[in-house]
Structure formats: structure tokens, C-alpha cells
Amino acid sequence: MLRPLILLALLAVGILVTSARAAEGYANCTGFVDTLPATISTQGVWCLRHDVSTAVTSGNAITIATNNVTLDCNDFKVGGLAAGTGSTAKGIYAVDRLNITVRRCNVRGFRYGIHLDGSNGSGHLVEDNRLDFNLHSGIVVGGRSNRVQRNRVHDTGGANGSSQSFGLFVAAHAIDNTVDGVFAAVAPTQPRGIYLVGDANEARGNLVRGLVVDGAGAASGIIVTGEHATVSRNRVIASVPVNGTGIIGHGTSNTFCTGNLVANFALPWNACQLLPGNDSH
Amino acid sequence: MSRLLVLLLLATTGHGVRAAESYANCTGFVDSVPAVITAAGTWCLRHDLASTATSGNAISIQADNVVLDCNGFKLGGLGAGASTNATGIQGGGSIGSGGSQYNVTVRNCTVRGFGTGISIIPGSGNGSGYLVEDNLLDQNRSAGILIGGGRNRVQRNRVINTGGRPGGDSAFGIRASADLIDNIVDGIAGDADQVNFSAYGIDMGGEGYQARGNQVSGLHNKGSGAAFGLLAGGSNVLSHNRIVAPVAVTAGAGICGYQGGCVCIGNTVANFSNPFSTCVNPADNASH
């Protein structure tokens with residue numbers, strides 16, 4: 001008699017713990033995205049409360065059409081796999097907006113998973129998302145004063161007719177992201193882990209691995225094209241020797257590179273001002 | 001009995017989806033401005049708020065042990081115009097009143113268009129224990145964040161597009177006696193008609209604090225004004241900060257440059273003719 005009671009007590013504790021998490025509600029949501037395609041035209045916090053998906057092959061699943069919007073997917077999925085590898089659709093899109101936050105979204109199967117476009121945009125925060133099986137780029141962010149952090153970007157690539165794919169293509173501080181698996185459909189392929197544009201940005205603490213080179217192509221773990229960027233404490237790993245460069249800076253008097261680890265690239269780094277702490281093999 | 005146990009097990013091992021923020025822990029709500037918080041607890045926003053007041057405080061915290069959690073909502077002051085002297089979120093006690101607050105936290109707020117975005121400055125007492133985190137400060141005219149007192153922490157904030165007050169000859173992204181961790185300050189500039197303007201990315205007061213992992217960029221000094229990326233002194237440790245000026249700066253300094261005594265480790269500075277000023281025991285810093 002005692003053993004079942006103990007078990008029930010233990011399970012009751014488990015139920016209580018689970019219930020404590022479930023007690024979090026949607027009380028702070030300005031509105032909900034319940035179907036796709038959707039357009040957000042009112043500022044505030046917009047939420048998902050279940051998975052949503054679409055088979056559209058063009059346009060956007062979710063368009064953010066105003067400033068000061070937080071899209072919190074609450075770990076639900078925005079799915080686009082049904083559109084196939086010829087899709088040009090974007091998962092979450094905005095252009096020339098201010099202060100857009102996208103968090104906790106699982107975005108799958110779009111040409112661009114999260115795309116905050118426009119050189120006039122700023123103040124964006126893209127964090128804690130999971131992007132997988134997007135066809136050309138996982139996360140694309142333009143403008144300035146942006147931050148892209150703690151995202152997991154897996155298995156990017158496969159867009160019809162494309163030889164390049166990007167895990168992150170961002171004018172932003174890229175912090176603590178994981179890019180794992182970038183490939184392309186057309187050889188010679190050029191998989192890019194993190195492509196950092198814009199001035200004065202930092203790529204820090206990122207993990208880049210699984211860049212697949214086909215044909216006479218070349219992989220690039222982290223590429224910097226903006227002025228005076230810093231590339232610090234990143235790990236750029238190939239599990240087998242790969243043609244390409246681990247870290248490509250914007251000049252030896254322009255990009256600071258410090259504390260990075262690069263493994264199995266033909267060239268570990270290029271065009272960097274090399275500071276202490278970089279290592280390669 | 002075994003079937004019941006199986007069912008209970010299945011219930012407890014299901015995927016616990018995280019829902020959005022809840023108001024379950026909110027002592028009360030700030031639903032309109034101006035607002036004054038006089039009781040301890042967690043005070044929450046549940047929608048955007050806006051003010052056109054050109055003076056005073058949109059939200060004033062006048063109690064100890066207060067958490068203001070904006071839940072990602074916006075506190076807007078742009079309607080007051082570029083000459084506003086209003087403060088978005090004020091706390092710490094009225095200057096000269098002899099009062100000081102302790103343990104005030106401000107988080108998850110977007111504060112736009114005020115004279116000062118967040119200001120927690122103790123009165124003549126010894127206020128302390130302030131935490132300002134995960135906020136976005138945008139287009140505030142004189143300062144993004146001002147923090148006084150002691151034992152404070154300012155972390156993971158984004159302070160962008162500060163300045164632009166007509167007649168204003170300086171602006172500060174963050175001015176704080178605090179540990180400053182992982183903040184972004186980008187864009188400090190004067191009004192278009194301002195001839196002389198000094199841009200301060202981070203001005204760090206007090207002693208024994210650390211500034212770590214901050215990113216400062218977009219400082220636009222003009223005329224006889226100067227640009228300071230991370231200004232500090234007094235035995236503070238400045239490590240792994242990234243300071244970049246958009247064009248070559250000859251007046252001012254990238255890091256330290258105050259009374260001296262900063263320990264500077266692993267910082268990078270670009271486009272300052274004086275990248276590291278009065279650092280002691282510098283190690284692994286670099287500039288170009």
C-alpha cells in the first residue's frame with residue numbers, strides 16, 4: 001500500500017511542477033497569430049498559441065507591418081516545408097521597421113526563415129529561435145543596432161538553382177548562436193556559416209559547423225564585410241578537412257579577431273588583425 | 001492502479017510548452033501615465049503607454065523593493081518633442097529630499113523619446129541594489145540610462161539613437177555607477193544645428209566595478225566636442241569591450257581616460273587617436 005502512495009506522491013509533485021509551467025499564460029499578448037498568412041499592423045506583443053503552417057510558395061507567412069512589435073512564438077512552429085524546394089516564401093518578414101523582436105519561434109522550410117529587411121531598419125532583436133530546413137538563409141537582418149543571439153540554425157540549404165546558402169546573414173551583433181549544417185543544391189557550392197555585414201558589429205561566442213562543400217566549392221565559417229568588426233571566441237569546426245576559410249575578415253587593419261578556434265579548414269583565417277588567443281588545427 | 005499510474009506518467013512527461021509572459025506575479029499594473037509606484041512588489045505593463053508631457057516622470061518609483069516589468073511593451077515620449085525634459089522611468093528618490101530607494105529593478109521595457117529614458121539616482125541617502133536589464137532605450141534626448149548609488153548592475157540593454165536635443169551640447173548612452181555587462185550603445189549625436197557636441201557612449205562612475213562585453217559605436221562628436229567610448233576611472237576593470245567610432249576621433253578617448261586607474265584587458269578600439277587612456281596593467285588590448 002505504501003509503495004503506490006509514494007509513487008502517487010512523486011507523480012503528484014511532477015504534476016505540480018508541470019502545472020506551474022503551464023500556469024504561464026498569454027495575458028500579455030496584444031493579439032494572436034492563429035492562421036497564415038498573417039499581417040501584424042498594430043504595435044505590441046503578438047503571440048502564437050499553436051503551430052501554424054502554410055504551403056505558399058511566395059510572399060510571407062507572417063508580415064510585420066509596423067514598428068515596435070514583439071512576435072513571441074512560445075516555441076510553436078511556423079512551417080513552410082510543404083511548399084517544396086522551389087519556394088521563395090519568407091517565414092517572418094519585415095522591411096524598414098524599427099524595434100522588431102522575434103523570439104522563441106521554430107521556423108522551417110522557407111527560403112528565408114526570419115527576414116528583417118531594409119537598410120533603414122534598426123533596433124531588432126532575434127533571439128532563442130530554432131530555424132531548420134530553410135532553403136537559402138536561416139536569419140537575415142538588415143539595418144543597424146541589431147542583435148541576433150542564442151538562435152539555433154540547422155540544416156540550411158537546398159534552394160533550387162542556388163550554389164550559396166547562409167546560416168546567418170546579418171547586420172547585427174551575432175552572439176552565442178549555433179549554425180549547424182549549411183549546404184547548397186548546385187555545385188560548386190559555397191556554404192556560409194555567418195555573414196556579418198554593417199559596421200562595428202561583433203560575432204562572439206558562436207558555433208559554426210557542418211558546412212558541406214560539393215564540387216570545387218569552398219566553405220566560409222564567418223565572413224565579415226563591415227568596417228571595424230570584432231570576431232571573438234567563436235568555434236568554427238569542420239569534422240573532416242574542408243576547402244575554404246574559417247574566418248574571413250575585412251582587413252588586417254580593420255577586423256579584430258581574438259580567441260577563436262578553427263578546425264579542419266584549409267585556411268583558418270584571413271584578413272584579420274590577429275589578437276592573442278586564436279588557435280587552429 | 002497500474003493503468004492510473006501509466007496515465008499519470010504520460011501526463012507528466014508531455015512536452016511543456018512555454019507560454020508567453022504571465023501576470024500572475026504582478027502586484028499591480030501601470031495602465032496609464034503619469035504613474036507613481038508607492039508599494040513594494042512587481043509592477044507590470046500589459047499594453048503600450050504614451051506620454052506627451054515635457055517635464056516630470058512618466059513612471060515614478062517611490063518605494064523600496066520594486067520590480068517594474070514592462071513585458072516588452074513600450075513607454076513612449078516622442079510626442080513631447082525633441083526639447084522634452086521628461087523622464088521615462090524615474091526612481092531612487094528625489095534629489096535633495098534625503099530619501100533613497102533600495103532594490104529597484106527595471107526590465108523588459110522599450111523607452112522612447114524622453115529627455116532621459118531611465119533614471120535611478122538616490123537622493124542624499126545611500127540607495128543601492130538597482131538592476132536595469134533587457135531594455136531598449138531609443139531616441140532619448142540627453143541620456144538613455146542614468147544610475148547612481150551603489151551595488152548596481154546594468155546589463156543586456158540596447159541604447160540606440162541617443163541625442164538630438166536642440167541646444168544640447170552632450171549626450172550619454174549609459175551613465176552609471178554599476179557593473180555594466182553586455183550592453184549595446186549605438187548612435188549618439190547632437191541636433192543638426194548644434195555646432196559643438198560631445199558624445200559619451202558609457203560613462204562609468206564609482207570604484208571597483210566591471211565593464212565587460214559592452215559594444216559602443218556610432219559616436220558623433222562635433223566642433224570642439226569630444227567622443228568617449230567607455231569613460232571610467234577609479235580601479236574599475238574594463239574587459240572585452242568593443243569601441244568603434246564611425247570616423248577618426250582625435251578629441252576624447254576610446255577607453256578609460258578619466259581619472260586613471262582602470263584595468264583594461266582584452267578590449268578593442270577602432271578609430272580613436274587615443275584608444276586607451278590612463279589604463280594601468282593593460283593586457284591583450286588592440287586598436288587600429
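The values are calculated or read from the model by the stated rules, or taken from the named source; none is laboratory data. Every value quoted in this text rests on a predicted model; they were computed, and no experiment measured them. Here the Cβ positions follow ideal geometry from the backbone for every residue, glycine too, while neighbour counts run over all protein chains shown. Keep in mind that these areas ignore ligands, DNA and RNA; they rest on the heavy atoms of the full protein, side chains included. Shrake-Rupley method; radii C 1.70, N 1.55, O 1.52, S 1.80 Å.
Points to keep in mind about this one:
- Note on region A:182-199: residues that are within 13 Å of A:Val213 (Cα to Cα), surrounded by 20 or more Cβ atoms within 10 Å (Cβ to Cβ) and of a type outside the set (Lys, Arg) total 6.
- Residues located in region A:118-139, provided they are in contact with an Asp or Glu (Cβ under 7 Å, 6 or more places away or on another chain) and not small (Gly, Ala, Ser): A:Asn120, A:Asp132, A:Phe133
- Entirely in region B:236-281, the strands (runs of 3 or more DSSP E) that have 3 or more residues that are open to solvent by 40 Å² or more (accessible area, probe 1.4 Å) and in contact with a strand residue (DSSP E or B) (Cβ under 8 Å, 6 or more places away or on another chain): B:242-249
- Taken over region A:115-156, the criterion of being assigned to a strand (DSSP E or B) and either farther than 30 Å from B:Ile188 by Cβ or among the small types (Gly, Ala, Ser) (or both) is satisfied by A:Ser122, A:Arg130, A:Leu131, A:Asp132, A:Ser137, A:Gly138, A:Arg152, A:Val153, A:His154, A:Asp155, A:Thr156.
- Considering A:Asn234, A:Asn278, the condition of being surrounded by 22 or more Cβ atoms within 10 Å (Cβ to Cβ) and either without any contact (Cβ under 8 Å) to a residue 60 or more places away in the chain or over 30 Å from B:Arg212 (Cβ atoms) (or both) is satisfied by A:Asn234 alone.
- Residue in region A:112-129 that is touching a residue at least 24 places away in the same chain (Cβ under 8 Å), in contact with a Pro (Cβ under 7 Å, 6 or more places away or on another chain) and crowded, with 23+ Cβ neighbours inside 10 Å present: no
- Matching residues in region A:35-63 - criterion: being β-branched (Val, Ile, Thr), within 14 Å of another protein chain (Cβ to nearest Cβ) and either exposed (fewer than 14 other Cβ atoms within 10 Å of the Cβ) or touching a residue at least 60 places away in the same chain (Cβ under 8 Å) (or both): A:Thr42
- Residue check for B:Ala171: more than 14 Å from every other protein chain (Cβ to nearest Cβ), closer than 24 Å to B:Ala80 by Cα and either among the hydroxyl-bearing types (Ser, Thr, Tyr) or open to solvent by less than 30 Å² (accessible area, probe 1.4 Å) (or both): yes
- The combined condition, being open to solvent by less than 10 Å² (accessible area, probe 1.4 Å) and not in a strand (DSSP E or B), is fulfilled by A:Ala159.
- Residue count for region B:37-55, restricted to those that are touching a helix residue (DSSP H, G or I) at 6+ places or on another chain (Cβ under 9 Å) and within 14 Å of chain A (Cβ to nearest Cβ): 1
- Some residue of region B:148-161 being open to solvent by less than 40 Å² (accessible area, probe 1.4 Å), closer than 27 Å to A:Val231 by Cβ and either over 14 Å from the mean Cα position of the chain (by Cα) or small (Gly, Ala, Ser) (or both): no
- Applying the set (1) at pLDDT 95 or above; (2) out of contact with any strand residue (DSSP E or B) (no Cβ under 6 Å at 6 or more places or on another chain); (3) more than 10 Å from chain B (Cβ to nearest Cβ) to A:Met1 leaves exactly one unmet item: (1).
- Residue under evaluation A:Val236, criteria (1) within 19 Å of A:His115 (Cα to Cα); (2) not in a loop (DSSP other than H, G, I, E, B), criterion not met: (1)
- Those residues of region B:56-99 which are within 14 Å of another protein chain (Cβ to nearest Cβ) and in contact with a helix residue (DSSP H, G or I) (Cβ under 9 Å, 6 or more places away or on another chain), in sequence order: none
- For region B:84-130, a tally of residues being modelled with pLDDT of 90 or more, among the polar types (S, T, N, Q) and part of a strand (DSSP E or B) returns 6.
- Residue check: A:Ser220 meets all listed conditions (1) open to solvent by less than 10 Å² (accessible area, probe 1.4 Å); (2) outside any strand (DSSP E or B); (3) touching a Lys or Arg at 6+ places or on another chain (Cβ under 7 Å) but one, namely (2).
- Residue match in region A:185-197 (condition: within 14 Å of chain B (Cβ to nearest Cβ), on the phi < 0 side of the Ramachandran plot, in a strand (DSSP E or B) and over 18 Å from the mean Cα position of the chain (by Cα)): no
- Considering residues of region B:187-206 that are in contact with a Ser or Thr (Cβ under 7 Å, 6 or more places away or on another chain) and closer than 14 Å to B:Ser142 by Cα only, the residue most open to solvent (accessible area, probe 1.4 Å): B:Tyr200
- The strands (runs of 3 or more DSSP E) found wholly in region A:55-113 and carrying at least 1 residues that are in contact with a helix residue (DSSP H, G or I) (Cβ under 6 Å, 6 or more places away or on another chain) and among the charged types (D, E, K, R) occupy A:106-108.
- The sole residue among B:Ala253, B:Ala286, B:Ala189 that is farther than 20 Å from B:Arg156 by Cβ, modelled with pLDDT of 95 or more and small (Gly, Ala, Ser) is B:Ala189.
- For region A:237-251, a residue qualifies if it is open to solvent by 90 Å² or more (accessible area, probe 1.4 Å) and over 23 Å from the mean Cα position of the chain (by Cα), and the qualifying residues are A:Val240, A:Pro241.
- For region B:176-194, the set of residues classified as away from chain A (no Cβ under 12 Å) and not acidic (Asp, Glu) consists of B:Ala176, B:Ser177, B:Ala178, B:Leu180, B:Ile181, B:Ala189, B:Gly190, B:Ala192, B:Gln194, listed by residue number.
- Checked against (1) modelled with pLDDT under 95; (2) exposed (fewer than 15 other Cβ atoms within 10 Å of the Cβ); (3) within 13 Å of chain A (Cβ to nearest Cβ), B:Ser22 meets all criteria but (2).
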